[in-house]
Structure formats: C-alpha cells, structure tokens
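**Q** My questions will all concern the structure given below.
The values are calculated or read from the model by the stated rules, or taken from the named source; none is laboratory data. Source: prediction; values computed, not measured. When we count neighbours, we look across all protein chains shown, and the Cβ atoms used for this are built from the backbone with ideal geometry, even at glycine.
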Amino acid sequence: MSPHSIVKAAQTTQPDVAILSHNVSGLPEKELEILKELIVVALKTRVIMLLDDENSDVVVSALKLGACCVFCRSHPLEMLIRCVKQVHAGQVWISAVQLGLLLVADP
C-alpha cells in the first residue's frame, strides 16, 4: 500500500488498532509522517509501530508522535498478540528500555 492509501484507509475505516510497519514505503522517515497523519485523521485509532530494530531515535520519535507501542520484529509473535490486546484495551505497551530512552530524550 502507498502511504496515501494507508492514511485514506484508516480515515475511512477508523480501526481500533493499526499496525504500521516502519519499512512500508522504503523511506524510514516517511513512516513517521504517516504516523502523524494517522493520529490526526483516525483519532480513536491506537497505532503500533513495527520496527526491524529498536533504533533509539525512531522509538523516541514514534512515541512522542503518539504511537501506543513501538514493537520490534525480533520479538516473538505471541508477544505481538499480547501487545495488540493490551493496546486495544487502552494501555500503552512500552519496555523499560524504551521508557528510559524517552525519559532522557530532548523535549
């Protein structure tokens, strides 16, 4: 899907939870722009950002932009399933390492 079609689909369907791959467009910085747009057009949608690795800059940026979770693909599928359930229930899914990155990041 193109970045525009992802945002349009979310705006039309207003899903409870959306999983956004950080590699969907091939341009990692573009996914953060998509995240920003999703938060605006799908107000009730809770977004999980799916990463290839836990790059601290991307983790912090995604969480600051409103992602409810930044999940690394190297984690087990069972953990992703638990994550989706918890995010759907209204919780934020964040590891202690990610919380530490967020707390020491520039405002």
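**Q** Looking at 32, 103, 38, 50, which one is in contact with a Phe, Trp or Tyr (Cβ under 7 Å, 6 or more places away or on another chain) and either modelled with pLDDT under 95 or of a type in the set (Gly, Ala, Ser) (or both)? Walk me through it before giving the result.
**A** Numbers: 32 fails: in contact with a Phe, Trp or Tyr (Cβ under 7 Å, 6 or more places away or on another chain); 103 fails: in contact with a Phe, Trp or Tyr (Cβ under 7 Å, 6 or more places away or on another chain); 38 fails: in contact with a Phe, Trp or Tyr (Cβ under 7 Å, 6 or more places away or on another chain).
Every option except 50 fails the conditions.
**Q** Being in a helix (DSSP H, G or I) and surrounded by 14 or more Cβ atoms within 10 Å (Cβ to Cβ) is the filter here, so list the residues in segment 10-29 that pass it.
**A** 10, 11, 28
**Q** Select from segment 62-86 the residues that are in a strand (DSSP E or B) and either over 10 Å from the mean Cα position of the chain (by Cα) or not aliphatic (A, V, I, L, M) (or both) and list them in ascending order.
**A** Listed by number, the residues that qualify are 69, 71, 72.
**Q** So for segment 66-83 (the condition being in contact with a Cys (Cβ under 6 Å, 6 or more places away or on another chain), surrounded by 14 or more Cβ atoms within 10 Å (Cβ to Cβ), of a type outside the set (Phe, Trp, Tyr) and modelled with pLDDT of 95 or more), does at least one residue qualify?
**A** Yes: segment 66-83 contains one or more residues that are in contact with a Cys (Cβ under 6 Å, 6 or more places away or on another chain), surrounded by 14 or more Cβ atoms within 10 Å (Cβ to Cβ), of a type outside the set (Phe, Trp, Tyr) and modelled with pLDDT of 95 or more.
**Q** Looking at segment 52-71, I want the residues that are under 13 Å from residue 93 (Cβ atoms) and have a partner that is of a type outside the set (A, V, I, L, M, F, W, C) and crowded, with 16+ Cβ neighbours inside 10 Å with Cβ atoms under 6 Å, at least 6 apart or on another chain. Which pairs are those?
**A** 59/98; 68/46
**Q** Oh, and also: Working carefully through the options 59, 40, find the one that is in a helix (DSSP H, G or I) and under 27 Å from residue 96 (Cβ atoms).
**A** Details: 40 fails: under 27 Å from residue 96 (Cβ atoms).
Just a single option satisfies the conditions, and that option is 59.
**Q** Output the qualifying pairs, or none if there are none: Cβ atoms under 8 angstrom, residues six or more apart or on different chains, first residue in segment 74-90 and free of Cβ contacts under 8 Å to residues at least 24 places away in the same chain, second residue loosely packed, with under 12 Cβ neighbours inside 10 Å and not in a helix (DSSP H, G or I).
**A** Partner pairs satisfying both residue conditions: 74/53.
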